[in-house]
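Below is one structure, written out as structure tokens; the observations come after it.
Rule-based calculations on the coordinates, nothing more; no lab input. It should be emphasised that the depicted structure is a prediction, and the values quoted were computed from it without experimental measurement. A quick note on method: Cβ atoms are made from the backbone with ideal geometry, for glycine too, and the neighbour counts reach across all protein chains shown.
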Ligand code: UDP
């Protein structure tokens, strides 16, 4: 499991360990934190390695599955780490595919709704090829993931590797870094701290937010299936950002005002997964609605903001 100390990766490690799997968790802690693995590092089935998967990867012994989840995922992070993001999506994916091939393991790629770019087809079906600006700032993430998907399918076609590709739509929940820059964590932290809520653009753009427990359940169902190729795993309930703001204010009881800031370059105007395939293939659909998910995330963030983070390894 790469990216195992990240927000989503740590929940996946926990779920895999919980069902009795052995996990080699690989992460260079550039956006992941050991804090996310508190309570898991001592688990007898868990081995943690601090390693950048853009460099050669060796895991001795048999391996049943390789899950490649390492990558900056918040726009703020990948805009700050453009080359690392391109490397982990290209070289990192190559290394992980090489490992899966050597071990005859199933390979699962964490891909993204960003492969659809600023979509002209709505809701987004897996067969839609997308509308991506390769040379814009977001291209570093979008094109890294598109390349990763292409490489994954090439390994399937050339080497017969079993491969799944999960296209993840805006996922939120406990263990998001409070200041990672994504909209749910930003708005909840601002509301909890009584600061103004920042809306980029006029707030009419839409997103569809999936609670992390639902996302993890869908990802494991895809892992355990033999399905080849991409599957959208996301919550099809679509909200404008102004609607999200209302939900955040209702859940936190905050009276924070809203301030409007510039819309980032190439910010997609709308996004919503078509989950027909996931329903049919995996019997999966999300169960946690936005109000409930935000309440759980707000409770976690409130507690998290009140205590210091675990320092990275080697820190004084
Ligand atoms: N956004 C916002 N305020 C914030 C952070 C983000 O209005 O404090 C907007 C952003 O411009 C985008 C949406 O919220 O339209 C979702 O942004 P996020 O960074 O969470 O992820 P994205 O879906 O763009 O990858």
Defining a contact as two alpha carbons under 8 Å apart and six or more residues distant in sequence, what relative contact order in percent does the chain show? 18
Approximate spin-label separation residue 50-residue 38, in nm, with each point projected 7 Å along Cα-to-Cβ: 1.8
Counting other C-beta atoms within 10 Å, which of 275, 168 has the fewest, and how do the rest follow? 168, 275
Pick from 46, 176, 153 the residue whose mean-square fluctuation is largest in a GNM of the chain, springs joining Cα atoms under 10 Å. 46
Going by Cα centres, the range 111-130 and the range 35-82 are how many Å apart? 26
Under the 0.36 nm per residue contour assumption, what length would be gained going from the current alpha-carbon distance of residue 224 and residue 58 to full extension? 57.4 nm
Looking at the range 161-305, what % of its DSSP beta bridges pair antiparallel, to the nearest 5? 20
Can you give the relative contact order of the range 201-316 as a percent, counting alpha carbon pairs under 8 Å and 6+ residues apart? 39
Based on the Cα coordinates of the range 1-44, what is the per residue volume of their convex hull in Å³? 58
Can you sort 285, 247 from fewest to most other Cβ atoms within 10 Å of each residue's own Cβ? 285, 247
Gyration tensor on Cα atoms of the range 13-75, a ≥ b ≥ c root eigenvalues, a/c under 1.5 rounded, else prolate if a/b beats b/c, else oblate, says oblate
What's the exposure ranking of 171, 33, going from fewest to most Cβ atoms within 10 Å? 33, 171
Normalised alpha carbon radius of gyration of the range 174-261 [divisor 2.2 N^0.38 Å]: 1.29
Bridge orientation stat for the chain from DSSP, antiparallel percent rounded to 5, came to 10
Specify the residue with the greatest mean-square fluctuation among 113, 246, 254, computed from a Gaussian network of the chain linking alpha-carbon atoms under 10 Å apart. 246
Would you calculate a helix-derived [θ] at 222 nm for the chain, using -39,500 (n - 2.57) for each DSSP H run of n ≥ 4 and dividing by the full residue count, to the nearest 500? -12000 deg cm²/dmol
Relative to the first principal axis of the alpha-carbon coordinates of the chain, what is the inclination of helix 241-252, with its axis defined by its Cα atoms, in degrees from 0 to 90 and to the nearest 10? 80
Which order do the peptides 209-221, 76-88, 1-13 come out in when sorted by mean C-beta neighbours inside 10 angstrom, highest first? 1-13, 209-221, 76-88
How much length would be gained if the chain were fully extended between residue 154 and residue 263, taking 0.36 nm per residue of separation minus their Cα-Cα distance, in nm to one decimal? 35.6 nm
Estimated FRET transfer efficiency (residue 237, residue 21; beta-carbon r; R0 30 Å; 0.05): 0.45
What spacing in nm lies between the two simple spin-label points modelled at residue 270 and residue 202, each 7 Å away from Cα in the Cβ direction? 1.5
Cα-based equivalent ellipsoid of the range 1-110: semi-axis lengths in Å, sorted from largest, via gyration tensor: 21, 18, 10
Per Stokes-Einstein, at 4 °C and 1.567 mPa s, what whole-number D in µm² s⁻¹ belongs to the chain, with the Kirkwood radius over Cα pairs as the hydrodynamic radius? 65
